[in-house]
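Remarks on the structure that follows.
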Amino acid sequence: MRLILVSLVLFCQVSLAGELTDDAYGRVKIGMKADLALQQLKHYYSDRLSYDEPYSCYYLSSNKGKKGVHIMVVDDMVARFDVFDKELGIVVGNGLGAGSNKKEVVAIYPNTIVSPHPYIAPEGEYLEVKLNNGNGIIFETDHDIVTSFRFVVVKCFWPRVYSNSNISFLIHLASN
């Protein structure tokens with residue numbers, strides 16, 4: 001019985017890890033209409049009514065709290081994927097994710113832009129990476145350990161939904 005349970009847990013983590021790419025989460029793609037994305041996501045809901053944000057910014061989130069990828073929607077289009085939970089086992093294509101360290105990120109992405117985290121600096125930093133497809137990844141760290149990461153799509157919504165600390169990164173991405 002324990003073997004079956006452990007196998008199921010490992011299978012779930014492996015299958016979740018394979019669902020996130022730099023422009024999609026399962027069948028949900030960056031740029032997809034939010035209502036279509038919600039149809040593709042079992043156990044997800046829209047929290048559109050709980051936000052009072054400009055530019056129609058809200059999230060599609062898992063019914064299980066933080067147990068899932070959070071999907072930012074801007075102007076009714078999927079714009080960003082956020083991963084906050086290390087237990088999910090979700091990583092980027094090269095194995096980096098929550099629990100990785102700053103040295104690993106910088107070793108794999110030597111052109112990483114490091115900036116102070118706007119809320120927890122100096123202990124925390126943003127490690128900002130430009131991807132070949134024009135998207136970016138922002139790894140958030142606390143004491144050099146990645147606590148969360150998100151895929152951002154510069155060309156879809158720059159710069160209106162980002163905090164000031166990301167604007168320089170987005171200008172850098174847009175100019176390259």
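The values are calculated or read from the model by the stated rules, or taken from the named source; none is laboratory data. Here the structure is a predicted model, which is why all the values come from computation and not from measurement. In this analysis, Cβ positions are derived from the backbone assuming ideal geometry, glycine residues included, and neighbour counts consider all displayed protein chains. Keep in mind that these areas ignore ligands, DNA and RNA; they rest on the heavy atoms of the full protein, side chains included. Shrake-Rupley method; radii C 1.70, N 1.55, O 1.52, S 1.80 Å.
Structure summary
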{"read-out": "Those residues of region 11-29 which are modelled with pLDDT of 90 or more and either surrounded by 17 or more Cβ atoms within 10 Å (Cβ to Cβ) or among the polar types (S, T, N, Q) (or both), in sequence order", "value": "VAL28"}
{"read-out": "Top-ranked residue of region 54-107 - restricted to ones that are in contact with a strand residue (DSSP E or B) (Cβ under 9 Å, 6 or more places away or on another chain), among the acidic types (Asp, Glu) and not in a strand (DSSP E or B), ranked as modelled with the highest pLDDT", "value": "GLU104"}
{"read-out": "Residues of region 30-53 satisfying the condition of being open to solvent by less than 90 Å² (accessible area, probe 1.4 Å) and modelled with pLDDT of 85 or more", "value": "ILE30, GLY31, MET32, ALA34, LEU36, ALA37, LEU38, GLN40, LEU41, TYR44, SER46"}
{"read-out": "Residue under evaluation GLU140, criteria (1) modelled with pLDDT of 95 or more; (2) farther than 22 Å from LEU60 by Cβ, criterion not met", "value": "(2)"}
{"read-out": "First in region 121-139 and free of Cβ contacts under 8 Å to residues at least 24 places away in the same chain and over 17 Å from ALA79 (Cα atoms), second anywhere and part of a loop (DSSP other than H, G, I, E, B) and of a type outside the set (Asp, Glu), Cβ under 7 Å, 6 or more apart", "value": "GLU123/HIS143; GLY124/HIS117; GLU125/HIS117"}
